[in-house]
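Enquirer: Quick one: this structure, given as structure tokens, is what I'll be asking you about.
The values are calculated or read from the model by the stated rules, or taken from the named source; none is laboratory data. Values in this document were obtained by computation on a predicted structure and should not be read as measured data. Neighbour counts run over all protein chains shown; Cβ positions are idealised from the backbone, glycine included.
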Amino acid sequence: MGNEDLVLVSRDDGVTTVTLNRPKALNALSMALRNRISEVFDEIASDGSTEVVILTAAGRAFTVGLDLKELGGEIDPSAKASSRDISAAIGALQIPIIGAVNGFAITGGFELALMCDVLIATPDAKFADTHARVGVVPGWGLSQRLPRLIGINRAKELSLTGNYLDAETADQWGLVNRVIPADELLPTCQKLARDILSTEPVTRGEIRRIMDAGWHSTLAQGLDTEYEASQTHSRAQRPSEQVASRRAAIQDRGRAQTNED
């Protein structure tokens, strides 16, 4: 399999679907696959046409994390390490990422899922952080993102035991947005992507930015960030005129989603 085939990329009118494609290896993150993921996300960042990314994988695993055979020296790495880290490449992409978790998301794979803005999972999805069992300290943000999503005590339970978390519990804990049948996974994510695309792009990007800025800081810092962004955006976008012109469409959409006449 060539490096191009390690990650499949499909573009459809503003939505780019990225599919990890080492199904026989449960999409283990070999050096070659990690390099290719970074390349793909850098390409998406520069293409100017993608507004939403759907990240998923082929086979029965999202990804089981780093290729432990490479990590343990049992086999030689399939490529030389790139200077571009996955976390940096994905983090630099300033557009929403929907994670379509189709199976196991383990350790580095769990970290990859946590880099997404929205997570939709199938009933077969399972999450685990086995860093402490492998003997590796997280380096892609899991130790910081996971406690913020599910609470520090639950995060400690997962990370200090290495135990698996099933999809139903992940849903109850707020780790995933929802759990849906496998055959509905991609259609649901595609519809969600279209819903995102239907919003005003400048406003959408700014809301995402300030949410992340606040999430990565204290509440006080986050409130300051929100206030400054709101004032700047109001001066630049003249939101009162935009809301007035879009009011009917917003009301129609609200009635349709709440089944009100």
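Enquirer: Taking the condition of being closer than 17 Å to ILE97 by Cβ and acidic (Asp, Glu), how many residues in the stretch 180-205 meet it?
Expert: Looking only at that region, the number is 1.
Enquirer: Take the residues in the stretch 15-31 that are crowded, with 20+ Cβ neighbours inside 10 Å and of a type in the set (Gly, Ala, Ser), then tell me which one is nearest to GLN190 (Cα to Cα).
Expert: Out of the qualifying residues, it is ALA28.
Enquirer: Now for a different question. Could you check the stretch 37-49 and list, in sequence order, the residues that are of a type in the set (S, T, N, Q) and either buried (at least 19 other Cβ atoms within 10 Å of the Cβ) or out of contact with any strand residue (DSSP E or B) (no Cβ under 8 Å at 6 or more places or on another chain) (or both)?
Expert: First pass over the stretch 37-49, keeping only residues of a type in the set (S, T, N, Q): 38, 46, 49.
Within the stretch 37-49, SER38, SER46 meet the criteria.
Enquirer: Please tell me if ASP195 is at pLDDT below 85 and within 27 Å of ASN177 (Cβ to Cβ).
Expert: So ASP195 does not fit the description; no.
Enquirer: Would a scan of the stretch 140-153 turn up a residue that is in contact (Cβ under 8 Å) with a residue 60 or more places away in the chain, in contact with a helix residue (DSSP H, G or I) (Cβ under 9 Å, 6 or more places away or on another chain), under 18 Å from CYS116 (Cα atoms) and of a type in the set (A, V, I, L, M)?
Expert: no
Enquirer: Still on this structure: When you look at ILE196, is it assigned to a helix (DSSP H, G or I), out of contact with any helix residue (DSSP H, G or I) (no Cβ under 8 Å at 6 or more places or on another chain) and hydrophobic (A, V, I, L, M, F, W, C), yes or no?
Expert: Values: assigned to a helix (DSSP H, G or I): yes; out of contact with any helix residue (DSSP H, G or I) (no Cβ under 8 Å at 6 or more places or on another chain): no; hydrophobic (A, V, I, L, M, F, W, C): yes.
Considered against the rule, which asks whether it is assigned to a helix (DSSP H, G or I), out of contact with any helix residue (DSSP H, G or I) (no Cβ under 8 Å at 6 or more places or on another chain) and hydrophobic (A, V, I, L, M, F, W, C), ILE196 comes out as no.
Enquirer: Same structure, new question: Could you tell me which of the residues LEU93, LEU165, LEU185, LEU142 is under 18 Å from ALA61 (Cα atoms) and under 15 Å from the mean Cα position of the chain (by Cα)?
Expert: On inspection, the qualifying residue turns out to be LEU185.
Enquirer: Please name all residue pairs, on different chains or six or more residues apart, with Cβ atoms under 9 Å, provided the first residue is in the stretch 222-234 and is within 7 Å of ILE210 (Cα to Cα) and the second residue is modelled with pLDDT of 75 or more and surrounded by 14 or more Cβ atoms within 10 Å (Cβ to Cβ).
Expert: That search, which allows pairs on different chains as well, returns THR225/ILE210; THR225/ALA213; THR225/GLY214; GLU226/ILE210; GLU226/MET211; GLU226/ALA213; GLU226/GLY214.
Enquirer: Search the stretch 220-240 for residues being under 12 Å from GLU206 (Cβ atoms) and among the charged types (D, E, K, R), and hand back the single one that is modelled with the highest pLDDT.
Expert: Looking at residues that are under 12 Å from GLU206 (Cβ atoms) and among the charged types (D, E, K, R), I get GLU228.
Condition check ((1) buried (at least 22 other Cβ atoms within 10 Å of the Cβ); (2) under 25 Å from ILE207 (Cβ atoms)) across all residues:
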residue	(1), (2)
ILE54	yes, yes
VAL64	yes, no
GLY91	no, yes
PHE110	yes, no
PHE127	yes, no
VAL136	no, no
ARG145	no, yes
ALA155	no, no
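Enquirer: Turning to a different aspect of this structure: If you take the residues of the stretch 145-200 that are in contact with a Ser or Thr (Cβ under 6 Å, 6 or more places away or on another chain) and hydrophobic (A, V, I, L, M, F, W, C), which of them is nearest to PHE104 (Cα to Cα)? First the steps, then the outcome.
Expert: At the first step, the residues of the stretch 145-200 found to be in contact with a Ser or Thr (Cβ under 6 Å, 6 or more places away or on another chain) are 162, 180, 182, 185.
Now narrow it down to the ones that are hydrophobic (A, V, I, L, M, F, W, C): 180, 182, 185.
On the way: ILE180: 15, ALA182: 13, LEU185: 15 Å.
Of everything passing the filter in the stretch 145-200, ALA182 is nearest to PHE104 (Cα to Cα).
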